[in-house]
Amino acid sequence: MIEYVLPAVDFLQKELLLFASLCFIIGSIDDIIFDGLWIAYLIKRYMSVYSRHDRFIVEDLPPPKLAEPLAIFVPAWQEAPVIGAMLRRCHDQWRHGNYRIYVGCYPNDGPTIAAVADAASGTKNIRMILCDQDGPTSKADCLNRLWRALCQDEILESIRFKAIILQDAEDLVHPKALELFDYLIDRASLVQIPVIPRRATRSVWVAGHYGDEFAEMHGKQMVLREALGVSIPAAGVGCAFRRDALSALSARNQGKPFNASSLTEDYELGLQLTEGDARGIFARLKDKQGQWVATQEFFPDNLEDAIRQKSRWMTGIALSGWDRLGWKNCWRENWMRLRDRKASFSALLLALAYIALLLTGLLYAYSLTGYYQPAPFTPLLKTMLVYNALFLLWRLAIRAYLVYVLYGLREALLSVPRTFVANVINILAAKRAITYYLKTLSGAPLRWEKTDHFHPDVTKIKGLRPSSQNNRDK
């Protein structure tokens, strides 16, 4: 029996390697072109701007032209452990003054209501809004309730807000973030600042891989998207929408700017507000201490939660997002949307590649016994494998550099083996996303799965790389 199985395994191994190698080469060429444009853009900026002028820091920004208030939306379902500390931290550190935090709570979530009420006591800058029905509903549904409350306040108080800023209940928001939003929102429909994942020391691999991915996403991909003049997706936190742009979208959607039928309403909203002639800004500024003006938050620190969260992202962006948003008459825009949507396909290719590697190990073990000698690789396959190895080294080097700039040498070195962890999470998330998406095609309703938020003890937090005057302009 084994003499018939091993030749079949040998054949399957070669076919899987050939197919995966070809697809990886195509994807790698795409990545190389993207990286080349990003590097060329950085060189151009350095030669034409930064070699002549000092880089701005957030303290250098002039006052905004219009002194209108800012609204911060914080949806909260079962956030009692973190929401109070987040609200007090924002209130204590923000010196902007002209803002109001709208916190959306649910009638059946007493602990969160109590935590918000306690944090809001003694201040007029925090307002709790109860949703119309018991929770949990979707995040977009909660945000739409906050939008309605804001519009009512504008009528009753004869005021008009300049922008709506989205934050989550566990976010660590930079003290100067409001000043940055207030200045830039006059120039764009959307302003997004970097999101920087932090992790507890116990989760080096699962939570750590988020830091690697966001270092690349917000250190390279969003930078080039803005440079190419294409639409910019919102990250759901650390993003500001100009009030009139959001109002126009609300008018087209029966007074609901946030789409409750989408699993990734923030991503879609960003693309809708910044497409065409509208402008989006990805703002990467530092403060005088050399720290990024960014939103820091904690991501899932266990495998199950990470798979659930990423499967929601894949379903909303790569699968149902394709159905909902389609394509545009612009090659740059379609290129970026294709890159957004290839996550599920890439995960499937990785699964095939790992199966091929397992079969390679099995065949090699049999070859050592002398029982079976697998057929040699063809020259074409050898060449493809060599090119894939070189492309892999390039991708790992780029990611390690971006992680190094943000977190330091230790995390940069860990980002290399963490790539395997990220691949496993993405493969399992893609399987879950595709299964769920097929159910929705057969009529199953969309189900929003909230990610549990946590804020570990500060003594167990893995911090960012210490900044210095020398690295402040990186």
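Checking the conditions here, which among Ala365, Ala347, Ala375 is part of a helix (DSSP H, G or I) and in contact (Cβ under 8 Å) with a residue 24 or more places away in the chain?
None of the others qualify; the one that does is Ala347.
May I ask you to say which residue of Arg395, Arg399, Arg418 is outside any loop (DSSP other than H, G, I, E, B), basic (Lys, Arg) and open to solvent by 70 Å² or more (accessible area, probe 1.4 Å)?
None of the others qualify; the one that does is Arg395.
Where in segment 203-289 are the helices (runs of 4 or more DSSP H), entirely inside, with at least 1 residues that are open to solvent by less than 10 Å² (accessible area, probe 1.4 Å) and closer than 25 Å to Gly135 by Cβ?
Working: elements: 206-216, 222-228, 243-252, 265-274.
The qualifying helices (runs of 4 or more DSSP H) are 243-252, 265-274.
Pick out the one residue from Ile26, Ile32 that is free of Cβ contacts under 8 Å to residues at least 24 places away in the same chain and β-branched (Val, Ile, Thr).
Details: Ile32 fails: free of Cβ contacts under 8 Å to residues at least 24 places away in the same chain.
Every option except Ile26 fails the conditions.
Take the residues in segment 239-263 that are of a type in the set (A, V, I, L, M, F, W, C) and modelled with pLDDT under 90; name whichever of them is nearest to Arg284 (Cα to Cα).
Pass one, segment 239-263, residues of a type in the set (A, V, I, L, M, F, W, C): 239-241, 245-246, 248-249, 251, 258, 260, 263.
If we keep only those that are modelled with pLDDT under 90 as well, we get 260, 263.
On the way: Ala260: 30, Leu263: 27 Å.
For segment 239-263, the residue satisfying everything is Leu263.
Residues of segment 36-75 being surrounded by 10 or more Cβ atoms within 10 Å (Cβ to Cβ) and among the hydroxyl-bearing types (Ser, Thr, Tyr), which ones?
Tyr41, Tyr46, Ser48, Tyr50
Filter segment 133-168 down to the residues that are over 22 Å from Ala67 (Cα atoms) and among the β-branched types (Val, Ile, Thr) and list them by number.
Matches in segment 133-168: Thr137 only.
Among the residues of segment 115-134, which ones are of a type in the set (A, V, I, L, M, F, W, C) and in a strand (DSSP E or B)?
Ile126, Met128, Ile129, Leu130
Among the residues of segment 77-87, is any open to solvent by less than 30 Å² (accessible area, probe 1.4 Å), in a helix (DSSP H, G or I) and touching a Gly at 6+ places or on another chain (Cβ under 8 Å)?
There is no residue in segment 77-87 that is open to solvent by less than 30 Å² (accessible area, probe 1.4 Å), in a helix (DSSP H, G or I) and touching a Gly at 6+ places or on another chain (Cβ under 8 Å).
From the list Arg127, Arg100, pick out the single residue that is within 24 Å of Pro257 (Cα to Cα), surrounded by 15 or more Cβ atoms within 10 Å (Cβ to Cβ), among the basic types (Lys, Arg) and over 26 Å from the mean Cα position of the chain (by Cα).
Answer to the selection: Arg127.
Step by step: first the residues of segment 299-350, then only those that are more than 18 Å from Cys23 (Cα to Cα) and of a type in the set (Phe, Trp, Tyr), then the one that is surrounded by the most Cβ atoms within 10 Å (Cβ to Cβ). Which residue is that?
Phe299
Residues in segment 139-172 that are small (Gly, Ala, Ser) and either at pLDDT 95 or above or open to solvent by 10 Å² or more (accessible area, probe 1.4 Å) (or both): how many?
3
Quick one: Thr112 ticks every box in (1) among the polar types (S, T, N, Q); (2) touching an Asp or Glu at 6+ places or on another chain (Cβ under 8 Å); (3) assigned to a loop (DSSP other than H, G, I, E, B) except a single one, so which number is it?
Here Thr112 clears every test but (3).
Does segment 65-94 hold any residues that are in contact with a Pro (Cβ under 7 Å, 6 or more places away or on another chain) and touching a residue at least 40 places away in the same chain (Cβ under 8 Å), and which are they?
Trp77, Gln93, Trp94
Among residues belonging to segment 128-174 that are without any contact (Cβ under 8 Å) to a residue 40 or more places away in the chain and among the β-branched types (Val, Ile, Thr), point out the one that is nearest to Arg199 (Cα to Cα).
Filtering first and then ranking leaves Ile129.
Quick check on Tyr4: is it under 17 Å from Tyr366 (Cβ atoms) and either open to solvent by 80 Å² or more (accessible area, probe 1.4 Å) or not β-branched (Val, Ile, Thr) (or both)?
The answer is yes for Tyr4.
Test Val58 against the criterion of being touching an Asp or Glu at 6+ places or on another chain (Cβ under 6 Å), within 30 Å of Glu157 (Cβ to Cβ) and touching a residue at least 12 places away in the same chain (Cβ under 8 Å), and give yes or no.
yes
The values are calculated or read from the model by the stated rules, or taken from the named source; none is laboratory data. These numbers were taken from a predicted model, which means no experiment stands behind them. In this analysis, Cβ positions are derived from the backbone assuming ideal geometry, glycine residues included, and neighbour counts consider all displayed protein chains. The protein model used for the area step is the full one, side chains on, heavy atoms only, and it has no ligands, DNA or RNA in it. Shrake-Rupley method; radii C 1.70, N 1.55, O 1.52, S 1.80 Å.
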